[in-house]
Amino acid sequence: MLRYLTAGESHGCALVGILEGLPAGLEISEDYINDQLRRRQQGYGRSTRQQIEADRGQILSGIRFGKTLGSPVALLIENKDWQNWKQIMEPEGAPSGEEVSVPRPGHADLSGAIKYGHSDIRNVLERSSARETAMRVALCTLARRLLAELEILVASHVVSIGEAEAQTSVTEVNTLNELADRSPVRCIDPETEKAMLEQIDRAGQQGDSLGGVFEVIVSGLPVGLGSYVHWDRKLDGLLAQALTSIQAIKAVEFGLGFKAAKIPGSAVHDQIYCGQQGYYRETNNAGGIEGGMTNGQPIVIRAAMKPIPTLTTPLRSVDTKTKQPASAHKERSDICAVPAASVVAEAVVAFTVANALLEKFGGDNIAELKQRVSQWRRTSS
Ligand code: EPS
């Protein structure tokens, strides 16, 4: 079973992470990890912070001569911006700089400060920041690599930003990321891409921010990952948890999702056929999961990201020191981070699926795992 931990503050010296449970013998390189980190840093509407950072994952342990050892993998990503924040984020000594005392509506600021008893809201915002997702992407890229070894692909694209919504549907998962990554908003429909860019520009001019919806697709899955037998083994439940754990994600749907509630069962459920290659369906309204298990179809998930809470035209709030009305704290911020969130989502989905795969097939080394999966594929169709 896979598990990971991350640590690090947004403007602290580094992000660190440990991933445990990978089989031995999986080929992996820093370049492979860094390609994913680069993808996460793209996207129109991000703040100047991304020009400061050039995220690179450094392998500290668990990998020797390009292959996993089966031992925990430790990674490090330096925060370049630390140089500018040293005095404010010093691990030792006395606090310097002004305390942040006005919470931003929509952020972890107020509840976090009350919960942990922090008078300086910086103690909350540093860790609740989505900067943390850089390490999640780095670690989960090893899970992506494991899936790739088994010809399971994870890809995503942005469906909407603000009011701009693409109507195109994905027909080819293999080339989806290649196409989406060419767009500054990871949108595969050029007309909608234009509208999205305009929406982001307008929000920026108004000191506002924008959310949106993205879709993650996983192809090449064996039948039977996850289980119907107990609530905490249902794969859709686990995926929903992983996705809503990404900062600012407020809703998740599988396949037809909310639309399925409006149409009759006869139009929703994917009818079953059997041909030379075994069972198959002509539709995928279930989004690849029935009864908490993969059914062999691609997993299709959509997630909605709310607009970023830091606004350059701030909302009304209260100064927690005086209890008087005040304008919410302002920091340099992204106008829109939906394209980046779609890459983070690919990563956490890859982790969750890889974990379900290892739960079903086990295997201490990659050759053992591959053999078990290919035998299952032969007998389960
Ligand atoms: C974030 C605020 C911004 C974002 C940051 C998430 O950082 P800063 O306050 O340094 O401008 O850029 O995201 C990242 C740094 C990143 O790498 O994704 C927040 O408050 O969540």
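Filtering Ile246, Ile188 for residues that are out of contact with any Asp or Glu (no Cβ under 7 Å at 6 or more places or on another chain), within 16 Å of the ligand (Cβ to nearest atom) and either closer than 30 Å to Glu290 by Cα or in a strand (DSSP E or B) (or both) leaves a single hit, Ile246.
Across region 321-351, the number of residues qualifying as crowded, with 20+ Cβ neighbours inside 10 Å and more than 16 Å from the ligand (Cβ to nearest atom) comes to 3. Among the residues making up region 83-140, those that are assigned to a loop (DSSP other than H, G, I, E, B), within 14 Å of the ligand (Cβ to nearest atom), in contact with a Ser or Thr (Cβ under 8 Å, 6 or more places away or on another chain) and not hydroxyl-bearing (Ser, Thr, Tyr) are Ile88, Pro103, Arg104, Pro105, His107, Ala108, Ile121.
Annotation: of all residues in region 278-329 being assigned to a loop (DSSP other than H, G, I, E, B) and of a type in the set (Gly, Ala, Ser), the one that is farthest from Leu125 (Cα to Cα) is Gly296.
Under the condition of being within 28 Å of the chain's Cα centre (by Cα) and of a type in the set (S, T, N, Q), the residues counted in region 234-277 number 4. When region 6-20 is filtered for residues that are more than 10 Å from the ligand (Cβ to nearest atom), in a loop (DSSP other than H, G, I, E, B) and within 20 Å of the chain's Cα centre (by Cα), the ones remaining, listed by number, are Gly8, Glu9. Take the conditions (1) at positive phi; (2) surrounded by fewer than 17 Cβ atoms within 10 Å (Cβ to Cβ); Glu30 misses just one of them, which is (1). Would you mind stating whether Gln50 is within 16 Å of the ligand (Cβ to nearest atom), at pLDDT 95 or above, buried (at least 16 other Cβ atoms within 10 Å of the Cβ) and part of a helix (DSSP H, G or I)? Against the criterion (within 16 Å of the ligand (Cβ to nearest atom), at pLDDT 95 or above, buried (at least 16 other Cβ atoms within 10 Å of the Cβ) and part of a helix (DSSP H, G or I)), Gln50 does not qualify.
Please work out if Thr244 is of a type in the set (Ser, Thr, Tyr) and within 30 Å of Met196 (Cβ to Cβ).
Yes: the conditions hold for Thr244.
Pairing residues of region 317-340 that are over 20 Å from Asp208 (Cα atoms) and in contact (Cβ under 8 Å) with a residue 12 or more places away in the chain with residues that are more than 11 Å from the ligand (Cβ to nearest atom) and of a type in the set (Gly, Ala, Ser), at Cβ distances under 7 Å and at least 6 apart in sequence or on separate chains, gives Asp319/Ser101; Asp319/Ala326; Thr320/Ser101; Thr320/Ala113; Lys321/Ser101. Beta carbons closer than 6 Å, at least 6 apart along the sequence or on distinct chains, pair a first residue in region 93-122 that is on the phi > 0 side of the Ramachandran plot with a second that is surrounded by 17 or more Cβ atoms within 10 Å (Cβ to Cβ) for Gly106/Pro309.
Can you say whether Pro309 is modelled with pLDDT under 95, buried (at least 20 other Cβ atoms within 10 Å of the Cβ) and within 16 Å of the ligand (Cβ to nearest atom), as far as the supplied structure shows? Judged against the criteria, Pro309 is a match. Considering the conditions (1) within 16 Å of the ligand (Cβ to nearest atom); (2) surrounded by fewer than 21 Cβ atoms within 10 Å (Cβ to Cβ), Gly363 is excluded by exactly one of them, (1). When region 159-185 is limited to residues that are in contact with an Asp or Glu (Cβ under 8 Å, 6 or more places away or on another chain) and assigned to a strand (DSSP E or B), the one that is surrounded by the most Cβ atoms within 10 Å (Cβ to Cβ) turns out to be Val159. Total residues in region 53-80 satisfying the condition of being surrounded by fewer than 14 Cβ atoms within 10 Å (Cβ to Cβ) and either within 15 Å of the ligand (Cβ to nearest atom) or basic (Lys, Arg) (or both): the figure is 2.
Checking each residue in region 49-108 for being farther than 24 Å from Leu5 by Cα and of a type in the set (S, T, N, Q) picks out Gln51, Gln83, Asn84, Gln87, Ser96, Ser101.
The values are calculated or read from the model by the stated rules, or taken from the named source; none is laboratory data. Fair warning: this is a prediction, and the values are worked out from it, not measured in the lab. Using ideal geometry, Cβ is built from the backbone for each residue, glycine included, and neighbour counts are taken over all protein chains shown.
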